Amino acid sequence: MKREEGMSLYTLVLMPNDRIIGCVKNFKERSREILDKRYGSENSLAHITLFAFFAYDKDYPAILREFKRILAGARPFRVQFDGFSSFKESEFCTFFVRLTSDAEKTAIGISSFLETNFDKRLRKDKTADWKKIHRLHMTVVRNVAVADVVKCEDAFKEETFNDFFNCSSLALRKLNLAKGQYDILDSIPLLGNEYIVGQQTKMFDIL
């Protein structure tokens, strides 16, 4: 489907526990003091985005059912973090908390399995601008200049962040234009079923 007026922006994300959300909130507040200005993502809750897409609100129930169908075959997994890093390849740069390679590999495996098994007609007819995030991260500061990222890197260079959370569900969020923030609509459990509904495909053999 071609993106049209009236569509909403949705994201499928990993949401950490309250402890890590609080830590990232602290990182954001400190970054605000370091940069002495407002920046993208400063008020958003900590999360790790897997997908973003546009859809009409009326089609959301069908999309939610499809995500639930597939994710029923996914096992809960551990998301471990490994300090800080940044993206500095473009005009709009990002400073973030880095996942370990194992955690990133598992999360990418789940998103790839989702993309492969999501009903192709439903995706074509009911969503637009479907985007899979290939470099997973938990944002602290985004949409800033390289010099700003360097300031954050310098300020946090003596710190380590090796916390983790056990991910047992994914969250579907919708952008609230009035607030300029995302609202969490549903939490989709990872049930660890041997097969996903409607397919004789073992997720565990793929990840």
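The values are calculated or read from the model by the stated rules, or taken from the named source; none is laboratory data. No experiment lies behind these values; they were computed from the predicted model shown. Cβ coordinates were reconstructed from backbone atoms using ideal geometry, including for glycine residues, and neighbour counts include every protein chain displayed. Only protein heavy atoms, including side chains, enter the accessible area calculation; ligands, DNA and RNA are left aside. Shrake-Rupley method; radii C 1.70, N 1.55, O 1.52, S 1.80 Å.
Computed values, structure above
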read-out: Residues of region 70-80 satisfying the condition of being open to solvent by less than 50 Å² (accessible area, probe 1.4 Å) and not in a loop (DSSP other than H, G, I, E, B); value: ILE70, LEU71, PHE77, VAL79, GLN80
read-out: Residue satisfying all of: in region 97-121; free of Cβ contacts under 8 Å to residues at least 24 places away in the same chain and farther than 18 Å from ILE133 by Cα; surrounded by the fewest Cβ atoms within 10 Å (Cβ to Cβ) among these; value: ARG121
read-out: Within region 86-126, tally of residues that are assigned to a loop (DSSP other than H, G, I, E, B), among the polar types (S, T, N, Q) and in contact with a strand residue (DSSP E or B) (Cβ under 9 Å, 6 or more places away or on another chain); value: 1
read-out: Unmet requirement for THR201, which otherwise passes all of (1) within 19 Å of the chain's Cα centre (by Cα); (2) modelled with pLDDT under 95; (3) surrounded by 12 or more Cβ atoms within 10 Å (Cβ to Cβ); value: (1)
read-out: Test result for GLY83, closer than 24 Å to PHE113 by Cα and outside any helix (DSSP H, G or I); value: no
read-out: Lone qualifier among LYS126, LYS132 - being open to solvent by 20 Å² or more (accessible area, probe 1.4 Å), within 15 Å of the chain's Cα centre (by Cα) and within 19 Å of LEU50 (Cα to Cα); value: LYS132
read-out: Whichever residue in region 10-40 is over 23 Å from ILE110 (Cβ atoms) and part of a loop (DSSP other than H, G, I, E, B) and, among such residues, is most open to solvent (accessible area, probe 1.4 Å); value: ARG38
read-out: Conditions (1) out of contact with any helix residue (DSSP H, G or I) (no Cβ under 9 Å at 6 or more places or on another chain); (2) modelled with pLDDT under 95; number of the one not met by ILE110; value: (1)
read-out: Any hit, region 43-57, residues being part of a helix (DSSP H, G or I), open to solvent by 10 Å² or more (accessible area, probe 1.4 Å) and not basic (Lys, Arg); value: yes
read-out: Failed item, numbered, when THR94 is tested on (1) without any contact (Cβ under 8 Å) to a residue 12 or more places away in the chain; (2) surrounded by 14 or more Cβ atoms within 10 Å (Cβ to Cβ); value: (1)
